[in-house]
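This report concerns only the one structure given below.
The values are calculated or read from the model by the stated rules, or taken from the named source; none is laboratory data. Computed from a predicted structure; not experimentally measured. Every residue, glycine among them, receives a Cβ derived from its backbone with ideal geometry; neighbour counts consider all protein chains shown. Ligands, DNA and RNA are stripped out before the accessible areas are found, and what is left, the full protein with its side chains, is counted by its heavy atoms. Shrake-Rupley method; radii C 1.70, N 1.55, O 1.52, S 1.80 Å.
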Amino acid sequence: DSGVTQTPKHLITATGQRVTLRCSPRSGDLSVYWYQQSLDQGLQFLIQYYNGEERAKGNILERFSAQQFPDLHSELNLSSLELGDSALYFCASSTPDGQPKGTDTQYFGPGTRLTVL
Amino acid sequence: GNSVTQMEGPVTLSEEAFLTINCTYTATGYPSLFWYVQYPGEGLQLLLKATKADDKGSNKGFEATYRKETTSFHLEKGSVQVSDSAVYFCALSDRSNSGYALNFGKGTSLLVTP
């Protein structure tokens, strides 16, 4: 158990809909990362938040957005869903102190499997 | 940009065989390097990491050495078990603005048979 929790575990929805994925980081971790895992694209970084503020952006679509709340949990919002958005979405946390560093270990949650029909 | 290349799978080995999974990287600067493992139906778990050249990461019998001269971080284990069957991902830390992300290889599936 990594200490990172994600809800829901599975999500099935229709094209055009909007969903929200939730992540609670390990106790004390200030950074939250979101990744997408799909068969064709592999594991891709979407976005990082640190202590409530956006820190880095990867291949995140404009239809997707995220935020980190004062209690450090994070939500990833996916809107106008398309079939190609079906994937596993992972949240990871790190940075128990100081600023984010490249040497930080990221701890992954179990993921949310999104199916768009 | 930075990238990670892993050997294609799947790799099938008999129990107690020697394992090598090749990983090479392209990066500016000096990234940290990681091996993560994903068991069926689960999230990723850190297996080991190395943060500077010539560092050796090790855990649960797995080892990998950060080789700057060959830009490699190959994963090895002397004697695999059935329970090692999983997908293994090589990754490097990627600096972006004032944050960091992991840049992953495509993963190598390992199946160990009794």
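At-a-glance table
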read-out: Hey, B:Y88 more than 9 Å from chain A (Cβ to nearest Cβ) and either part of a loop (DSSP other than H, G, I, E, B) or crowded, with 18+ Cβ neighbours inside 10 Å (or both) or not; value: yes
read-out: Strands (runs of 3 or more DSSP E) wholly inside segment A:58-117 that include at least 3 residues being facing another protein chain (nearest Cβ under 10 Å); value: A:87-94
read-out: Enumeration of residues in segment B:56-70 that are part of a loop (DSSP other than H, G, I, E, B) and surrounded by 16 or more Cβ atoms within 10 Å (Cβ to Cβ); value: B:Y66
read-out: Count of residues meeting criterion [assigned to a loop (DSSP other than H, G, I, E, B) and among the hydrophobic types (A, V, I, L, M, F, W, C)] in segment B:46-55; value: 1
read-out: One residue from A:S38, A:S65, A:S27, A:S74 being open to solvent by less than 10 Å² (accessible area, probe 1.4 Å) and out of contact with any helix residue (DSSP H, G or I) (no Cβ under 6 Å at 6 or more places or on another chain); value: A:S74
read-out: Members of segment A:82-106 that are touching a Lys or Arg at 6+ places or on another chain (Cβ under 7 Å) and at pLDDT 95 or above; value: A:L88, A:S93
read-out: Residue list for segment B:44-55, restricted to those being at the interface with chain A (Cβ under 9 Å from one of its Cβ atoms) and either among the acidic types (D, E) or crowded, with 21+ Cβ neighbours inside 10 Å (or both); value: B:L44, B:K49
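Residue-by-condition table, conditions (1) open to solvent by 30 Å² or more (accessible area, probe 1.4 Å); (2) at pLDDT 95 or above; (3) closer than 14 Å to B:V112 by Cβ; (4) basic (K, R):
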site: B:G1; (1), (2), (3), (4): yes, no, no, no
site: B:M7; (1), (2), (3), (4): yes, no, no, no
site: B:V11; (1), (2), (3), (4): no, yes, yes, no
site: B:E16; (1), (2), (3), (4): yes, yes, yes, no
site: B:I21; (1), (2), (3), (4): no, yes, yes, no
site: B:T24; (1), (2), (3), (4): yes, yes, no, no
site: B:A27; (1), (2), (3), (4): yes, no, no, no
site: B:Y30; (1), (2), (3), (4): yes, no, no, no
site: B:Y36; (1), (2), (3), (4): no, yes, no, no
